Structures are given as structure tokens and as C-alpha cells.
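Here the structure comes first, spelled out in C-alpha cells, and everything after it is commentary.
The values are calculated or read from the model by the stated rules, or taken from the named source; none is laboratory data. These numbers come from a predicted model, not from an experiment. As a convention, Cβ positions derive from the backbone with ideal geometry for all residues, glycine included, and neighbour counts pool all protein chains shown. Each accessible area value is taken on the protein alone, full model and side chains, heavy atoms only, with ligands, DNA and RNA left out. Shrake-Rupley method; radii C 1.70, N 1.55, O 1.52, S 1.80 Å.
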Amino acid sequence: MFDRPLVPTFICFAGGILAGRYISFFNDRLLIIPLLIILLLFLPFLSQKKLKSFIIPICFFLTGLFIVSCRDTSVELVSLAEGKKIILEGTVISPVKQNGKSERFELKSERLFLDEKIIYVNEKVQVSVYNNPVVYTIGTRIRFPSHLKPFMNFKNPGAYDYELSMQIKGISCNASVSDGRYIVPVGRGDPGFFTEKLEYIRQPFRDVLNSTLSEKNNALYSALLLGETEGIGDDLREYFNLTGLGHVLAVSGLHVGMIACISFFIFRQILSLSYKLAIRHNIKKITALATCLPVIGYTALSGFQVSGQRAMIMALAYLFSIIMDRESDIWSTLFFSAFIILAVDPLAIESISFQLTFLAVVGIVWLTPFIQKIFPDISGKLKNYPYMKKCYFYFTGIISVSLAANIFLLPVTVYYFNRISFVSILANLLVIPLMGFIILPSGMLALLTLFVSEDASRLILFIGSYALDIMMYLIEYLASLPWACFWMVIPSMFEILLFYCLLFCIVFFRKGRMIKYSMSAVLLLFLLDISYWVYDTGLNKNLRVFFLDVGQGNSALIQFPGRKRMIIDGGGFQGETFDTGKSIVAPFLLRKKILHIDYVVLSHPHPDHMKGLKFIASVFDPAEFWHNGEDSEDDDYKDLIDIIKTRGIKILTPDDLAKGMYVSGVKIEVFYPFSGEKRSQNLYASSHTINDQSIVVRLSYAGRSVLFPGDIEMKSEAILVNKYGNRLKSDTLLVPHHGSRYSSSKPFLETVSPEVCIISSTKGNRFGFPHAEALERLNSAGARIFRIDQGGTVEVKIGEGFFHAGYSLD
């Protein structure tokens with residue numbers, strides 16, 4: 001592989017892009033351009049081959065630096081809005097994704113109205129409508145009042161880079177609309193030349209899909225053919241994730257490759273019918289050239305999705321390698337296509353889809369020949385049975401390719417998706433042929449037939465829908481198996497590197513003594529890594545508390561000395577389907593190599609504390625669930641309690657916890673609500689009443705303590721001060737109610753007398769937390785204040801003779 005010039009060239013080019021992204025020294029374009037020009041000018045005059053081979057990689061490294069420096073990621077809209085409510089006008093450029101009372105779609109902004117001024121803009125915006133959604137077709141120009149907000153990441157170590165994913169998609173900011181009735185259509189807009197022309201084909205096909213197929217099959221065909229996953233609900237998507245088929249729902253290399261293979265086969269069969277053409281010309285080259293058309297056409301039909309564009313470039317690169325008689329040099333073709341992709345968009349190197357597609361092909365090309373050697377060569381025994389011989393080599397080939405891709409992608413898929421499917425290979429073996437030979441071809445044929453006969457198009461779609469039903473039956477059956485999929489701890493970058501080093505040593509084990517020594521070193525490093533995590537997760541004698549960034553909400557992980565774990569609150573967003581438990585809390589736990597939680601604590605049944613706990617309770621197998629004893633009519637609370645009861649988790653209230661308890665030497669006290677007290681049973685109590693019923697927990701260890709007061713307000717603070725007095729003294733305080741002006745009273749702060757205060761809120765939240773009045777009282781208390789919205793996760797570590805608090809970096 002490395003003896004091909006394109007491979008080291010690509011590595012240098014990609015290295016330049018990454019250096020430009022993460023090393024500030026290389027961000028100076030004025031330094032890069034003159035240096036690159038000088039090297040390129042002197043390159044033709046260099047006579048020594050070794051010197052040239054040294055200078056050329058440097059040139060490509062500098063080219064990578066230059067290209068990434070030219071990638072404009074600036075956002076003007078948010079700065080123009082100046083934080084005010086504005087009126088925005090633009091054209092809808094994506095299908096609307098509805099979810100209950102809310103919806104989202106993409107808009108090409110055109111005009112911004114602010115303070116009687118009209119500002120012309122041209123940025124792509126994500127529009128979020130939270131009530132009374134109205135579906136608009138692509139190309140509709142609309143106008144609406146909105147608040148513009150930049151995309152922000154959750155500041156937890158190793159968290160998903162949401163800002164980067166939006167940059168890759170070219171979306172600058174989010175425009176929130178409180179009510180869909182405020183949106184006014186103002187005629188036909190300009191979605192762009194290509195989008196407008198494509199919609200003349202795509203919209204009639206959408207209409208046929210909607211009127212012909214069931215809701216599920218319509219959603220599946222829309223995803224597979226049009227690249228529109230808006231109709232794929234969470235439940236349907238989960239079936240694909242459980243079986244390792246999540247990649248099927250996004251137009252990618254799999255889909256484009258299938259279209260290319262089928263088209264190549266059909267064109268070759270048709271062209272081979274002409275004897276004269278076969279004699280005079282190279283049928284294979286003509287077929288490759290003709291195949292480019294359906295590849296481009298399918299990518300266009302699917303809306304030129306980012307992942308589809310990359311797959312198209314890879315497919316076209318391979319087809320042109322056939323035309324140029326270079327198809328045997330797959331490595332050069334692969335790296336050339338990757339080179340083109342990064343030259344077009346250097347940020348693609350950090351996108352999940354590019355990494356998975358590129359690494360999957362690397363794994364298939366590299367490992368498939370080794371895996372195929374495992375299967376016995378029975379071609380001699382089947383020479384009289386050509387059909388059986390073809391079937392044997394077909395199925396062993398499919399199994400080898402699936403194994404190669406799954407093995408090579410294993411650490412990367414676990415890193416991004418946090419689980420591993422044990423039915424993935426079987427699912428791919430059953431589903432991919434069905435999709436490649438029936439579902440996709442029938443869908444494309446139905447589209448082409450639509451221009452001739454709508455009835456014929458519907459008939460073909462019916463045939464495809466039967467195949468979809470069979471596919472879903474297989475997927476649902478495999479997903480229902482109890483051992484189908486398991487959540488896995490997330491590997492670090494160091495561990496991923498060790499995995500690939502070990503894989504390399506296994507493949508080339510017989511190449512020499514040096515490989516065996518290297519393998520021994522890699523295994524030793526693996527052993528040291530495992531030893532570290534065994535100590536960290538089971539033998540550590542410190543009490544560690546992590547206050548997580550879950551946006552506008554609370555969530556904290558407590559790692560007791562030894563192996564016991566507790567989660568207090570799980571964050572959540574009211575009216576949103578975003579699952580903080582699955583997307584924020586769980587990845588943090590898995591990154592810490594934690595697969596089990598012993599205690600789940602809910603301070604009070606408000607969404608910003610409760611919604612994330614549903615996922616934690618269903619996946620991390622807690623033994624006990626603590627709450628304040630209050631019931632609620634909130635649907636999310638009912639769902640949480642159903643999960644708790646279904647899984648047989650023990651429920652404890654302040655009455656059960658009145659005497660306190662010790663866990664691994666840590667004293668746990670529940671100060672409030674008081675045991676035996678007749679609490680409010682009003683299921684529709686006001687927000688303030690529910691806040692004041694928050695469970696208040698204190699952890700004490702090695703002469704230090706941490707207080708979790710939930711969202712209590714001044715009324716409950718006064719009750720606690722009067723009842724407990726100096727017993728409330730704590731070194732660390734999670735500031736009540738996210739820094740509300742109605743909490744953190746002066747008497748309460750004087751009584752608790754904290755050294756460290758942690759404020760859990762998000763920047764620019766609609767409540768204005770933390771309020772200035774609360775901040776003033778906290779500053780007067782003389783404590784060190786850590787704001788999660790500014791620095792991210794806060795870690796408090798307590799051990800014998802030491803106490804540490806600071807922002808967590810790992």
C-alpha cells in the first residue's frame with residue numbers, strides 16, 4: 001500500500017488539514033502562501049531525487065494547511081441580529097421533519113428585518129418550530145419572527161461535536177419560532193438552480209410514494225431513494241441500529257455502489273448483444289463510462305446529500321480507473337478519491353460518514369483476501385456444479401467482505417455509536433442482497449416509469465414494498481433477539497491506535513521476528529491500559545463527583561470509593577425529543593468505562609432533571625431509584641416510573657432514607673423533604689411548589705461534604721436552616737435552581753458556608769439563569785464559583801487529606 005505515491009501524499013495532505021484545524025501556529029495564511037510558492041518555484045530545478053521526495057510531501061502538507069484556512073466557517077447572521085428578536089425571510093430547501101408539536105427544516109435565508117432596516121443575507125439556517133407546525137414544500141418563501149442562536153456543544157470531555165457537524169452541513173445557526181402560525185408564506189422562492197430542477201422530478205415521486213405505500217414503507221423508500229430521513233422515527237431507526245444496519249438509512253457508499261454494480265451489469269449485458277461493438281471497442285470501458293450516468297443521477301435524486309456526494313466521487317474514481325486501465329490499483333484509486341473529497345471540503349476529514357466509508361473500504365480491500373483464505377477451496381469438487389460453485393463463492397465473498405468491514409470498523413463504530421451488534425454480519429448477509437437486487441432497482445425503475453405511466457410506477461412500487469416488508473420482518477426478528485446488541489465502553493484514541501497496531505501484527509504475524517516483538521509490546525500496552533481502568537473503576541479510594549453539562553438542567557455522577565455509582569438527575573429539555581440520557585450522560589459514563597449504575601436519584605419531576613433518567617434506568621440496570629415521594633401527571637414521569645417498575649428497580653422515598661446510609665464509607669443524608677411529613681399530593685402543583693419539594697442530599701467523606709439541593713427556593717431554604725442549622729455546612733454546593741434569584745438566600749449561603757459553588761445552566765437560556773441577584777449573593781459568600789456554561793464539566797475529588805475542585809479535562 002505505502003509503495004504507491006498517492007498514499008504518503010494523501011497522508012501529508014490530510015495531516016496539513018488536521019494541523020491547520022488544531023494547531024494555532026499553522027493558522028497564519030500569510031506565512032503558508034509565500035512558503036508554498038517558494039517551494040513550488042524551486043521544485044523543477046531540484047535534481048536530486050531524494051530531495052524532491054522530501055519537498056513534495058511538504059508541499060502537500062502546506063496545501064492542506066492552505067485549503068483548510070480558506071474554508072469559511074464564520075457566521076454573520078447571529079452577529080447581525082445582535083441578540084434581538086428579528087424577522088427572517090428565506091426559502092425552504094429541505095423537507096419538514098415533524099415530531100409531535102414541533103418541526104424542523106432548513107432555510108436559505110435571504111433578508112433580515114431589524115430595527116426598520118433590511119439586511120440582505122445568504123446563509124443556510126435550521127428553523128425549529130415548537131407549536132402548531134405547518135408543512136411547507138421545498139421552494140416556498142416564508143417570513144417569520146425569530147430568535148437566532150449559534151449552535152453550542154455540551155462541554156463534557158469527549159462529547160459529540162455538534163457545532164462541527166453543522167459546519168460540515170453548511171448550516172450557520174438555529175432560528176427558533178415559538179408558534180408555526182407566525183410563519184407567513186410569501187410566494188415562490190429561489191432554492192437554487194439545481195435544487196429547483198431536481199424538485200420537478202422529486203416532488204411527483206414523493207406524491208406517488210405518499211399515495212401508494214404505507215407510512216413505514218414510504219419513510220423507508222424516501223430515505224433510500226430521496227435521501228430524506230425525516231419520516232424515520234426513533235423506534236424504526238432503533239431496529240436498524242440494533243442489527244448494525246444503521247448505515248442503510250443514509251445514502252452512502254453502500255447505495256451508490258449497488259447502483260453502480262447493477263447499472264454496470266445491465267449496460268454490459270446490453271452492449272454485449274452487439275457483436276460488432278464487442279469486436280471493435282472495449283466493452284468494459286464503454287460500460288464504465290455509461291455507468292457514470294446512473295451514479296450521478298442517483299446521487300442527484302437523493303438530493304446530493306454530503307455522504308452521497310463523497311460516495312459518488314469514490315464510485316466515479318473507480319469507474320475512471322477502469323477507463324484508464326488502472327482498476328487493479330485499488331489503493332491508488334481509493335486515496336485519489338479521498339484526496340478529491342478533502343480538496344472540495346477539508347472539514348470532511350472530521351465527519352463520521354467520511355471516516356466510516358473510507359475506513360470500511362480500507363478494511364475490505366486489506367482484510368478480505370486474508371479472511372477468504374479461511375474458507376476451504378472446494379472449486380474442484382464443484383466443477384460439475386457451476387451454479388452451486390457460483391453460490392458458494394458469492395456467499396463466502398459476502399461473509400468475507402462483511403467480516404472485513406466489521407472488524408476494521410469495530411473500534412470506530414463503538415467510539416461513535418457506543419454499542420456493538422452481534423447480528424450485524426447475519427443481518428447484512430440477509431438484507432443487503434434483498435436491497436441491492438429488488439428494493440433499490442424497483443424504486444429506481446418506478447421513478448423512470450413515472451414519466452411514462454403512473455399506474456405502472458405504482459405497480460412496481462408495490463413489488464418493492466413487499467421486499468421492504470420482508471426486509472423489515474428480518475430486521476425486527478434479529479433485533480428482538482436478547483443477544484442482538486450490547487452497549488460497550490467507549491475506547492480512547494490511544495486504545496483505538498492499539499487495536500489497529502494489534503490487527504496489523506496479527507495479519508503480518510509470519511513476516512518476521514520484529515512483528516512478533518511489536519505484537520508483544522502492543523499486548524503489554526493493552527494490559528497496562530486494562531490495569532489502569534480496573535484500578536480507576538474498582539479500586540480507587542477517592543470520592544469523585546462530576547457535575548455534567550446537560551444544558552439547562554442538572555445531572556451529576558458520583559463515583560464512590562470502590563465500584564458503587566450514583567446518578568443524581570439526568571437533565572432534559574421540555575418539548576424536545578433530544579434525549580440527554582442517551583446522548584450526553586450515557587456517553588460520559590461509557591467513556592469512564594462504567595456499564596452499571598447502582599443508584600438513580602431524581603430530585604423532583606421537572607423535565608430538566610428527569611427526562612434523561614429514562615434511558616439511564618433502562619440501560620444501566622440500577623438497583624435503587626430514589627425520589628422525593630411526589631407523583632406527577634407528566635408523561636415523562638409516568639414513562640420513567642413504568643421503566644422502574646418493569647425492570648424491578650427498588651423505589652425509595654425520604655421515609656425510607658430518613659436514617660441515612662453509608663456507601664463505601666461515604667455518608668449519605670437526605671435532609672428534605674422530611675420523613676413522615678404529609679407532602680402535597682396536588683398532581684398539578686405549580687412549578688414553584690414542585691421545586692420546593694426537591695429532595696436534598698448530602699454526601700460526606702474524609703471530613704468533606706457535597707450538598708445537592710435540587711431546585712429548592714427560599715421558602716425551603718429557610719425551613720432547612722431553621723431545622724438543621726450548622727449541620728448543613730458543606731464544602732461544595734450545587735447552587736439551587738441553576739442560580740435563580742428566588743434561591744440562594746443569604747441565610748442559606750451563610751449556613752452552608754461552601755468553599756465551592758457549581759452553577760448548572762446553559763448560556764443564553766430563556767430564564768436568564770444565573771440571575772444577577774443570585775450571583776451577587778454567591779460572590780458575597782466568598783466561595784469559588786464554577787459555571788458549567790463557561791467551563792463545562794466540573795469535577796470534585798475528595799480523599800484522605802485532600803480536596804480538589806476544577807473543570808474536568810478527561
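So here's what we get for this one:
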quantity: Failed condition for Ser79, given (1) without any contact (Cβ under 8 Å) to a residue 12 or more places away in the chain; (2) open to solvent by less than 40 Å² (accessible area, probe 1.4 Å); calculated: (2)
quantity: Total residues in region 273-296, condition modelled with pLDDT of 90 or more, open to solvent by 10 Å² or more (accessible area, probe 1.4 Å) and of a type in the set (Gly, Ala, Ser); calculated: 1
quantity: Some residue of region 458-480 being outside any helix (DSSP H, G or I) and touching a residue at least 40 places away in the same chain (Cβ under 8 Å); calculated: no
quantity: Failed item, numbered, when Phe674 is tested on (1) out of contact with any strand residue (DSSP E or B) (no Cβ under 6 Å at 6 or more places or on another chain); (2) part of a strand (DSSP E or B); calculated: (2)
quantity: Residue check for Ile168: open to solvent by 40 Å² or more (accessible area, probe 1.4 Å), at pLDDT below 90 and either of a type outside the set (S, T, N, Q) or under 18 Å from the mean Cα position of the chain (by Cα) (or both); calculated: no
quantity: Residues located in region 715-748, provided they are out of contact with any Pro (no Cβ under 8 Å at 6 or more places or on another chain), farther than 22 Å from Thr762 by Cα and open to solvent by 10 Å² or more (accessible area, probe 1.4 Å); calculated: Lys715, Ile719, Asn722, Lys723, Tyr724, Gly725, Asn726, Arg727, Lys729, Lys746, Pro747
quantity: Residue check for Gly397: in contact (Cβ under 8 Å) with a residue 40 or more places away in the chain, closer than 22 Å to Val431 by Cα and open to solvent by less than 50 Å² (accessible area, probe 1.4 Å); calculated: no
quantity: Residue match in region 610-627 (condition: aliphatic (A, V, I, L, M), closer than 23 Å to Arg698 by Cα and open to solvent by 10 Å² or more (accessible area, probe 1.4 Å)); calculated: yes
quantity: Number of positions in region 749-768 that are touching a strand residue (DSSP E or B) at 6+ places or on another chain (Cβ under 8 Å), open to solvent by 20 Å² or more (accessible area, probe 1.4 Å) and closer than 29 Å to Asn174 by Cα; calculated: 1
quantity: Of all residues making up region 580-632, the number that are under 20 Å from the mean Cα position of the chain (by Cα), part of a helix (DSSP H, G or I) and in contact (Cβ under 8 Å) with a residue 60 or more places away in the chain; calculated: 8
quantity: Exclusive hit being touching a residue at least 24 places away in the same chain (Cβ under 8 Å) and closer than 24 Å to Phe66 by Cα, set Ala348, Ala360; calculated: Ala348
quantity: Checklist (1) open to solvent by 50 Å² or more (accessible area, probe 1.4 Å); (2) of a type in the set (Val, Ile, Thr); (3) in a helix (DSSP H, G or I) applied to Val452, failing item; calculated: (3)
quantity: Qualifying residue in region 391-400 (condition: in contact with a helix residue (DSSP H, G or I) (Cβ under 7 Å, 6 or more places away or on another chain) and at pLDDT below 85); calculated: yes
quantity: Unique residue being in contact with a helix residue (DSSP H, G or I) (Cβ under 7 Å, 6 or more places away or on another chain) and at pLDDT 90 or above when the list is Leu319, Leu301, Leu347, Leu382; calculated: Leu319
quantity: Members of region 572-605 found to be among the small types (Gly, Ala, Ser), open to solvent by less than 10 Å² (accessible area, probe 1.4 Å) and closer than 25 Å to Val177 by Cα, listed by number; calculated: Gly572
quantity: Members of region 543-566 found to be surrounded by fewer than 22 Cβ atoms within 10 Å (Cβ to Cβ), basic (Lys, Arg) and assigned to a strand (DSSP E or B), listed by number; calculated: Arg544
quantity: Residues (charged (D, E, K, R) and touching a Lys or Arg at 6+ places or on another chain (Cβ under 7 Å)) located in region 130-147; calculated: Arg141
quantity: Given (1) closer than 25 Å to Leu198 by Cα; (2) open to solvent by 40 Å² or more (accessible area, probe 1.4 Å); (3) in contact (Cβ under 8 Å) with a residue 24 or more places away in the chain, number of the condition Ala311 does not satisfy; calculated: (2)
quantity: Qualifying positions in region 788-797 - open to solvent by 50 Å² or more (accessible area, probe 1.4 Å) and either at pLDDT 95 or above or of a type in the set (Gly, Ala, Ser) (or both); calculated: Lys797
quantity: Criterion violated by Lys723 - all others in (1) touching a Ser or Thr at 6+ places or on another chain (Cβ under 9 Å); (2) over 23 Å from Asn542 (Cα atoms); (3) among the basic types (Lys, Arg) satisfied; calculated: (1)
quantity: Residue in region 83-105 that is modelled with the highest pLDDT, counting only those that are of a type in the set (D, E, K, R) and buried (at least 19 other Cβ atoms within 10 Å of the Cβ); calculated: Glu89
quantity: Among the residues listed as Ile322, Ile374, Ile341, the single one being open to solvent by 40 Å² or more (accessible area, probe 1.4 Å) and not acidic (Asp, Glu); calculated: Ile374
quantity: Scan of region 400-440 for residues that are assigned to a helix (DSSP H, G or I), surrounded by fewer than 17 Cβ atoms within 10 Å (Cβ to Cβ), within 30 Å of the chain's Cα centre (by Cα) and aromatic (Phe, Trp, Tyr), ordered by number; calculated: Tyr416
quantity: Unmet requirement for Ser263, which otherwise passes all of (1) buried (at least 20 other Cβ atoms within 10 Å of the Cβ); (2) within 22 Å of the chain's Cα centre (by Cα); (3) small (Gly, Ala, Ser); calculated: (2)
quantity: Residue identified as in a strand (DSSP E or B) and of a type in the set (D, E, K, R) among Lys108, Lys84; calculated: Lys108
quantity: Among (1) of a type in the set (Asp, Glu); (2) open to solvent by 30 Å² or more (accessible area, probe 1.4 Å); (3) at pLDDT 95 or above - the single one Asp569 does not satisfy; calculated: (2)
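Yes/no per residue for (1) touching a Cys at 6+ places or on another chain (Cβ under 9 Å); (2) farther than 15 Å from Phe10 by Cβ; (3) of a type outside the set (S, T, N, Q):
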| site | (1), (2), (3) |
| --- | --- |
| Asp329 | no, no, yes |
| Leu334 | no, no, yes |
| Ile340 | no, no, yes |
| Leu356 | no, yes, yes |
| Tyr387 | no, yes, yes |
| Ser400 | no, yes, no |
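Results for (1) within 18 Å of Phe708 (Cα to Cα); (2) modelled with pLDDT of 90 or more; (3) assigned to a loop (DSSP other than H, G, I, E, B); (4) not polar (S, T, N, Q), shown as yes or no for each residue.
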site: Glu750; (1), (2), (3), (4): yes, yes, no, yes
site: Ile758; (1), (2), (3), (4): yes, yes, no, yes
site: Lys763; (1), (2), (3), (4): no, no, yes, yes
site: Glu773; (1), (2), (3), (4): no, yes, no, yes
